[in-house]
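To start, the structure under review is shown below, and the notes come after it.
Derivation of every value follows stated rules applied to the coordinates shown; laboratory data play no part. Keep in mind it's a predicted model, so treat the numbers as computed, not measured. Here the Cβ is made from the backbone with ideal geometry for all residues, glycine too, and neighbour counts use every protein chain on show.
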Amino acid sequence: MKKKLDQPITRRQAVKLLGQGGLYTFILTQLPSCTTFNPRASGLAPSVQDPLTNPDGLCFSPFDRTLGDLALKEFGGEKPDVPHDFFLFKNRAERKALADSIKDIEKTRVVVVGAGIAGITAAYELRSYKPIMLDQGQRFGGNAQGEAWRGTDYSTAAAYFCGQDADSSILKFYQEIGIDKIWRTKKEEDPVLLNSKRYTNFWNGETAPGAEAQFLKLRKYFEDVNEEKEGQLYPEIPPGSDEVLQRLKQLDRMTFRAHLEEVLGARLHPHIETALEHYCWSTFACTLDQMSAAGGMNAYAAEFGDIYVMPGGNGAIAEAALKKMTDTVPLSHFRPRALVFDVQVSSQGVLVSYINHKGKPARIQADVAILGCPKFVVGKILRDLEPERLKAIEQLNYNAYLVANVLVDQPFREDEFYDYYLLGNGTFDRANIEKTTDEQGVTDVIYGSYARPDITAAGRPGHTVLTLYRGFPYSEGRGKLYMDGAFEKYYAQFAKQIREEILPQLKLDPARIVDIRIARWGHPMPIQAPGLINRGIIDTLRRPFKERVFFVQQDNWMYAAIETSIQEGLIWSKEAKKKLG
């Protein structure tokens, strides 16, 4: 069968297979299970039976711990081919007809569509109802996923999260799933690399003697906002009070750059501008001029507080919640490789139709549905959407990013860091973002073993994992990641920068590289542009549909933050409980 997979089918053959109902049987049944060899591991490393495995042998853990030293040279992360082809080949009328033709209907109280952090949080809160969870990905977690190498879990997407107040509902969630005893707290300032020199006190003006006043003024402003001193409010998203909502609306009227220059009464120093620009590229795949001040201040002010880091990044949060859920929810209710294509609210409840992992259509009737999928997916699968919601969805933008993990057979013995920012020469070309981001490549490097639980007891491991981020902060970037030859192109660019700039700076030997693994994320980075809150777009996106469908994805606020995802899961699962009685 492997030879058959190695020979690509033509578009004409695909159309024929789809018409015969065979395309998804062909594609989905060839994907690896938890109990067989993993075809991405060229060393034929045997898969490990994961406790987060359903009765069909499908892993729903966010982590792939089955890889050997070498993985196949292909993108990890997002796997868009199956959904892209399905919605390309079947129009809305055909999808409705396929859904309505399904006679055998499974019944449940709650169904969750999309098992990213927000969907997992909502399902966890509704676990007493034994929800059925559906996700078209090979694993759960959304862009909070990871892999492992030689016992080190590492992130292939989202990597850290921010400290919480003692009375925070998010902190309570963390404590319930038990991760508060695992994370490592980062308090130190991240180093930067500027003109090939490392600096550890950037916000004291270390890189620009004589101009330190601007650095110190902004530093104090960020600290005051984070700690809510000097009359400042932290712009929490979603807001916890009307006062915070009004502050969000003020900040929503301008870009992040405009707000900071208003605070300073001057243009940003080139080093500050470059640092913040690279931060936006890396964290949100957008620029200072694309991001609203509401989102920018929520994110960057939090950097001046405690940062929590889990072994393997944010996938560890998703995994902990899923493990806790299995105490209550049957393993058969966790269903990866389930492509939802139609959601209909009827007098009996919500009918959710999907293609299962065997390529067969199936249907579930639930009292309520939680949609944790992006809004552009909601626009395709949810029947009878209101015109104003469809119009709101059409105004949304999403950008792309790549994450590379470098596996080095050499211990890291230099001064430890968590996140290392690469600022080039401290300037960039605002007029041509595509060109300047391509020239910059990687903007920051995370030390993947920073939060390993055995570091304190056993010293640093005998190998190193570095996680590198590269954003595509322009609308054409997503298409570039899907072009023929994209993997080879970006692999070569990563490899060059890794060998010539990054490893020498960290005193690691490029000859000791074992593998470079690249994860592609083309769809999940929502851009919180100015005006979305004040124009009512956010309210329209979040509003429940016909009192039975609740939305929990991070693009409820068009803001890519794990805290927003978790909070939306907590808020709307509470509303779903009211409907469930």
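For this structure, a couple of remarks:
- Sparse-neighbour loop sites [GluC sites (Glu not before Pro); the range 419-498; at most 10 other C-beta within 10 Å; DSSP]: GLU476
- Multiplying the residue separation of LYS507 and LEU88 by 0.36 nm and subtracting their alpha-carbon distance yields 146.0 nm.
- With θ taken as phi - 60° and the Karplus curve 6.51 cos²θ - 1.76 cosθ + 1.60 applied, the whole-hertz 3J(HN,Hα) list for the range 184-194 is 10, 9, 9, 10, 6, 6, 6, x, 10, 10, 10 Hz, x standing for glycine and proline.
- Spin-label model, PHE376 to LYS181: label points 7 Å out along the Cα-to-beta-carbon direction sit 4.2 nm apart.
- Percent antiparallel among DSSP beta bridges (both partners in the chain, rounded to 5): 70 percent
- In this structure, the residue pairs whose Cα-Cα separation is over 22 Å, taken from LYS546/LYS577; LYS435/LYS489; LYS197/LYS217; LYS103/LYS323; LYS103/LYS375, are LYS197/LYS217; LYS103/LYS323; LYS103/LYS375.
- Of all aspartates and glutamates in the structure, those lying under 18 Å Cα to Cα from LYS220, and not within fewer than 8 positions of it along the same chain, are GLU188, GLU189, ASP190, GLU206, GLU212, GLU228, GLU230, GLU261, GLU262, GLU273, GLU303, ASP306.
- This ranking places PHE89, PHE222 by how few other beta-carbon atoms lie within 10 Å of each, fewest first, which gives PHE89, PHE222.
- Each of SER241, LEU218, ASN195 was scored by the projection of its Cα onto the charge dipole of the range 175-259, and the greatest displacement toward the positive side belongs to ASN195; charges sit on the C-beta of Lys, Arg, Asp and Glu.
- If the chain linking ASP104 and ARG267 were pulled fully straight, counting 0.36 nm for each residue of separation and taking away their Cα-Cα distance, it would gain 52.3 nm.
- Extension gain from ASP69 to SER332, taking 0.36 nm per residue of separation minus the Cα-Cα distance: 91.5 nm
- Neighbourhood charge, 13 Å Cβ-Cβ cut-off, centred on LYS220 and excluding it, Lys, Arg +1 and Asp, Glu -1: -2
- CD proxy at 222 nm, helix term only [per DSSP H run n ≥ 4: -39500 (n - 2.57); per residue of the chain; nearest 500]: -9500 deg cm²/dmol
- Of LYS172/LYS579; LYS130/LYS324; LYS96/LYS380, pairs whose Cα-Cα distance is over 18 Å: LYS172/LYS579
- Under Karplus coefficients 6.51, -1.76 and 1.60, residue-wise ³J(HN,Hα) of the range 496-512 in Hz, glycine/proline x: 4, 5, 4, 6, 8, 10, 6, 5, x, 5, 8, 6, 10, 7, x, 5, 9
- Inter-site label distance for ASP438 and GLN49 at 7 Å from Cα along Cβ, in nm: 5.1 nm
- Within a straight-line Cα-Cα reach of under 20 Å, LYS480 can be paired with the following aspartates and glutamates, leaving aside sequence neighbours fewer than 8 residues apart in one chain: GLU74, GLU78, ASP81, ASP85, GLU434, ASP438, GLU439, GLU488.
- Relative contact order (percent, whole number), the range 289-413, Cα cutoff 8 Å, 6+ residue spacing: 14 percent
- Pair-distance profile P(r), taking every C-alpha pair of the range 80-183, with 5 angstrom steps and integer %: 2, 9, 12, 16, 19, 16, 9, 7, 6, 3, 0
- In a DSSP loop and with at most 13 other Cβ atoms within 10 Å, the GluC sites (Glu not before Pro) in the range 222-271 are GLU228, GLU230.
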